[in-house]
Amino acid sequence: MDFDLSEEQRLLKESVDGLLTDAYDFEQRKKYMKEKGGWSKAVWSKLAEQGLLGLPFAESDGGFGAGGVETMIVMEALGKALVVEPYLATVVIGGGFLRHGGSAEQKAAHIPGIIDGSKTFAFAQLEKNSRYDLFDVTTTAKKKGAGWVIDGEKFVVLNGENADTLIVTARTKGERRDRNGIGLFLVPASAKGISRKGYPTQDGLHAADISFTGVEVGSDAAIGNPEDSLALIERVVDEARVALCAEAVGAMDESLKETVEYIKTRKQFGVAIGSFQSLQHRASDMFVAAEQARSMSMFATMAGDFEDAKERASAIAAAKVQIGKSLKLVGQQSIQLHGGIGMTMEAKIGHYFKRLTMIENTFGDTEYHLRRVADAGGLI
């Protein structure tokens, strides 16, 4: 198969790489993390100006009609730069729900704000005991007239502290772990009855625990069928997993680059430690792992377009398994080859390791996806 980028895709890669090279070195990143909300509104505006926030949306909605490869290119670049802005939460996940399930009115109300950078989203899905099961939902949405009343709690909501709009999973009927009876609702973050407790996560991003107490929304808040939205949720979360795979590849590339550069310059017994054959072997193992991850990220990107939901889910789960194995090897070896300095907050490599670890645990860790692949009859 031809894995070369098209001319348009190559120009996109050069554009986003150039933007982040200028605006996002490690020292700048630390400054952005200290801004309100933990990310830079100026950088977000630059992403909007270059059209990156509008890439996946249809031209009829004001976007560029780009596909999975373009998202992969952007996410790899974001991973290399350790970007903290909410691209995943807003464009990939929030935008994904609107693209695949939103009504014409919902798209018109929200997509322009995503594209111009004036609006950010958060996906409020995780609950206290749900782990990685998307169908484990206790938050309720009960009918009140033509609208709904939402009650419940969500935890570790990425960008939940600062998002303008929340996309909330809530049960409209059935028992806690029933696969049907789950709805998706667009909820203004400023709505009465919402309480948010924000905090930084280990990788420098921000999340929030959010409680909903008698939160009233209109009939137009439901995305798709409020009694049968699990298939939509699974599709968009699969797209988020694909995006995370690409981000991990970018972070692994940079981790390998930083580590090789370090062992070339760090001296012991009067010579660079990179001259020791055992360390060269470790660096070679890291390179192989990163290339395996890249191949599976490309596979996952293609699998995102599979029409068969089970085939798509199994392929993406397999990719997440390999990504998890690769990032663990690359991350841990990066820290070991840097030695004690790699554990300090001042060392860039430690921040890559933290982000890779969080990616591995987002929307299912390696063990979880290995079980999914085994249940589907696949082999890793």
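The values are calculated or read from the model by the stated rules, or taken from the named source; none is laboratory data. All values derive from a computational prediction rather than experimental measurement. Note that we place each Cβ from the backbone using ideal geometry, even for glycine, and neighbour counts take in every protein chain shown. Heavy atoms of the whole protein, side chains included, go into the accessibility calculation; ligands, DNA and RNA do not. Shrake-Rupley method; radii C 1.70, N 1.55, O 1.52, S 1.80 Å.
Give the Kirkwood hydrodynamic radius (Å, one decimal) of region 326-380, defined as one over the mean of 1/r across all pairs of different Cα atoms. All intermediate terms of the calculation are to be shown ahead of the outcome.
Working: mean 1/r = 0.0799 Å⁻¹.
Kirkwood radius, region 326-380: 12.5 Å.
Would you mind listing how long the chain runs along its three principal axes, going by Cα atoms, in whole Å with the largest first?
Principal-axis extents of the Cα atoms in the chain, largest first: 78, 47, 41 Å.
Within region 138-156, find all residues whose amide N lies under 12 Å from a label point positioned 7 Å from the Cα of Glu216 along Cα-to-beta-carbon.
Label zone hits: 144-150.
Could you give the dipole magnitude of the chain about its Cα centre, charging the beta-carbon of Lys and Arg +1 and that of Asp and Glu -1, in debye to the nearest 20? Walk me through the intermediate numbers first.
Details: 45 positive and 52 negative charges, 273 e Å.
Dipole magnitude for the chain comes out near 1320 debye.
Students often get this wrong: which residues of region 177-197 have the backbone nitrogen under 17 Å from the point 7 angstrom along Cα-to-C-beta of Asp151?
The answer is 192-195.
Pop out the ³J(HN,Hα) list for region 337-353 in order, Karplus 6.51 cos²θ - 1.76 cosθ + 1.60 with θ = phi - 60°, rounded to Hz; leave Gly and Pro as x.
6, 7, x, x, 5, x, 8, 8, 5, 6, 8, 4, 4, x, 6, 5, 4
Sort 327-338, 184-195 for me by packing, meaning the mean count of neighbouring Cβ atoms within 10 Å per residue, highest on top.
Peptide ranking by packing, descending: 327-338, 184-195.
Calculate the tail of P(r) for region 1-133: the fraction of all Cα-Cα distances greater than 21 Å, expressed in %.
Details: 3903 of 8778 pairs.
For region 1-133, the share of Cα pairs beyond 21 Å comes to 44 percent.
Where the centre of each part is set by its Cα atoms, how far does region 313-380 sit from region 166-198, in angstrom?
29 Å
Go through region 32-45 residue by residue and turn each phi into a ³J(HN,Hα) via Karplus (6.51, -1.76, 1.60, θ = phi - 60°); whole Hz please, and just put x for glycine and proline.
These are the phi-based 3J(HN,Hα) values: 4, 5, 8, 6, 4, x, x, 8, 8, 5, 5, 5, 4, 5 Hz.
Which GluC sites (Glu not before Pro) from region 124-197 combine a DSSP loop assignment with at most 16 other Cβ atoms within 10 Å?
Glu175
Ranked by accessible surface with a 1.4 Å probe, highest first, in what order do Tyr87, Tyr368, Tyr199 come? Kindly include the intermediate steps, with their values, before the conclusion.
Working: Tyr87 5, Tyr368 35, Tyr199 60 Å².
Heavy-atom accessible area, descending, gives Tyr199, Tyr368, Tyr87.
Can you compute the helix-only [θ] at 222 nm over the chain? Use -39500 (n - 2.57) per DSSP H run of at least 4 residues, normalise by all residues, nearest 500 deg cm²/dmol. Present the calculation step by step, with values, prior to reporting the outcome.
Numbers: 11 runs with 183 residues, N = 380.
Taken over the chain, the calculation gives -16000 deg cm²/dmol.
Could you tell me which of rounded, prolate or oblate describes region 231-375, using a ≥ b ≥ c as the square roots of the eigenvalues of the alpha-carbon gyration tensor, with rounded for a/c under 1.5 and, failing that, prolate when a/b is larger than b/c and oblate otherwise?
Numbers: a/c = 3.01, a/b = 2.42, b/c = 1.25.
The shape class here is prolate.
Gaussian network model of the chain, Cα springs within a sub-10 Å range: biggest mean-square fluctuation belongs to which of Thr165, Thr201, Thr344?
Looking only at Thr165, Thr201, Thr344, the largest GNM fluctuation is found for Thr344.
Looking only at Gln280, Gln322, Gln106, which one moves most when the chain is put into a Gaussian network model with springs between Cα atoms under 10 Å?
Gln280
Please report how far the C-alpha centroid of region 38-110 lies from that of region 6-28, rounded to the nearest whole angstrom.
So the two Cα centres are separated by 15 Å.
Please label the shape of region 122-228 as rounded, prolate or oblate, based on the square roots a ≥ b ≥ c of the eigenvalues of the alpha-carbon gyration tensor (a/c under 1.5 means rounded; beyond that, a/b larger than b/c means prolate, else oblate).
Numbers: a/c = 2.08, a/b = 1.33, b/c = 1.56.
Note, shape of region 122-228 comes out oblate.
Quick check on my link table: of Lys13/Lys328; Lys154/Lys192; Lys107/Lys142; Lys46/Lys320, which ones sit more than 19 Å apart, alpha carbon to alpha carbon? Display every interim value, and only then the final one.
Working: Lys13/Lys328 26 Å; Lys154/Lys192 16 Å; Lys107/Lys142 24 Å; Lys46/Lys320 30 Å.
Flagged as over cut-off: Lys13/Lys328; Lys107/Lys142; Lys46/Lys320.
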